[in-house]
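What follows draws every value from the coordinates through simple rules; no lab data is involved. Everything numeric in this text was worked out from a predicted model, so none of it was measured. Here Cβ is always computed from backbone atoms with ideal geometry, including for glycine, and neighbour counts include all displayed protein chains.
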Amino acid sequence: MVEREQVIEIGVAVAAVAVMLAAMLTIGSTYGAENSTLSPAGGQMLVGVIVGFIFLMTAVGVGLAYTLNDPEDDLDADDDENGDAQGTV
């Protein structure tokens, strides 16, 4: 059985990919030329959408990491007594 956290992660990732595909289709239909090529302005828009998608997925990943992190997992606790890493090898 799929866990709740995995369902949330899958849903958010699928939604982000759907937004990217919709943006790419919109750019292709708006900036597409008659011979099925993309105009230079459309190419720049497409690069902007790809860069935006990278930032979106980064933000989604960070947001999910903070949202789905259970405090009892002790993932953010310090293992060092004094909090610095000077004594580590």
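Whenever a residue of segment 22-42 is charged (D, E, K, R), it has no partner that is assigned to a helix (DSSP H, G or I) lying with C-beta atoms less than 9 angstrom away and at least six residues away or across chains. Can you tell me which residue in segment 1-58 is surrounded by the most Cβ atoms within 10 Å (Cβ to Cβ), limited to those that are among the hydroxyl-bearing types (Ser, Thr, Tyr) and not in a helix (DSSP H, G or I)? Filtering first and then ranking leaves SER39.
On the stretch given as segment 43-66, residues that are within 12 Å of the chain's Cα centre (by Cα) and free of Cβ contacts under 8 Å to residues at least 40 places away in the same chain total 12.
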